[in-house]
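Q: Okay, here's the structure, questions in a sec.
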């Protein structure tokens, strides 16, 4: 391992608690989607609106929480939707 201070990868790997799989997930999340990837995601999510519309509020809230989506409703019928990076407990390569 290089000890060159300019080698940030070596410094990150040497840091206590460094999780390379978490970094891989972050890197993948930053990946720009292709047009085909967007189409595939939209096709997979088409039924989610009616599903969420017909579920109880606690289940809907759980879905939003898992997706790291926050919805704030305002009295004038506006809403503000924000989304962060969604994380799962799934491990890259099956985990240990």
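Q: For residue 37, indicate whether it is modelled with pLDDT under 70, on the phi < 0 side of the Ramachandran plot and either surrounded by 10 or more Cβ atoms within 10 Å (Cβ to Cβ) or not in a strand (DSSP E or B) (or both).
A: So residue 37 does not fit the description; no.
Q: For segment 53-71: of the residues being in contact with a helix residue (DSSP H, G or I) (Cβ under 8 Å, 6 or more places away or on another chain) and exposed (fewer than 13 other Cβ atoms within 10 Å of the Cβ), which is nearest to residue 83 (Cα to Cα)?
A: Among residues in segment 53-71 that are in contact with a helix residue (DSSP H, G or I) (Cβ under 8 Å, 6 or more places away or on another chain) and exposed (fewer than 13 other Cβ atoms within 10 Å of the Cβ), the one nearest to residue 83 (Cα to Cα) is 70.
The values are calculated or read from the model by the stated rules, or taken from the named source; none is laboratory data. Given the structure is predicted, the values throughout are model-derived calculations rather than measurements. Cβ sites come from the backbone with ideal geometry, for glycine too, and all protein chains shown count toward neighbours.
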